[in-house]
Amino acid sequence: MPASTIARYLNPWKHKREQERLRRVQALRSRDGEECRRCRRPMRFDFPAGHDLTARIEQIVSSPDDAAETLDNLCLTHRRCNAESADYTAEVQERVRRKAEADLLSRSRKRNRKAA
């Protein structure tokens, strides 16, 4: 018996989720091609799960309802490209903006002191 057949009987829910994920990846791959939606570099489908260059399913427009899980709202990205977007929330953007303003203000104050 192949290992996948044994796994199907030992943990049927995990097997069913994995089969659903593989079906989605194949559908998205045939629709979008084999390039990452963010960086436009080719994705690798032969690497083990968890590798940075493997494909990951990402929502285009994130929303809490189940309508976001349709194939029209999904795309394939690298795992690393997907992880970068998770850190770039509105709160993080505001912090970056405030820090940039503070740096700009401190530089202008230093120039004014030197000129005086």
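See the values below:
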| quantity | calculated |
| --- | --- |
| Reachable lysines, given that their alpha-carbon falls under 17 Å from the alpha-carbon of Lys110 and they are not under 8 places away in the same chain | Lys99 |
| Shape call, the range 9-75: gyration tensor on alpha carbons, a/c limit 1.5 | oblate |
| Listed peptides 96-109, 46-59 by packing density, highest first (mean Cβ within 10 Å) | 46-59, 96-109 |
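Each reported figure results from applying straightforward, stated rules to the coordinates on display, with no laboratory input. None of these values were measured; they are calculated from a predicted model. Neighbour counts are summed over all protein chains in view; Cβ atoms, including those assigned to glycine, are modelled from backbone coordinates with ideal geometry.
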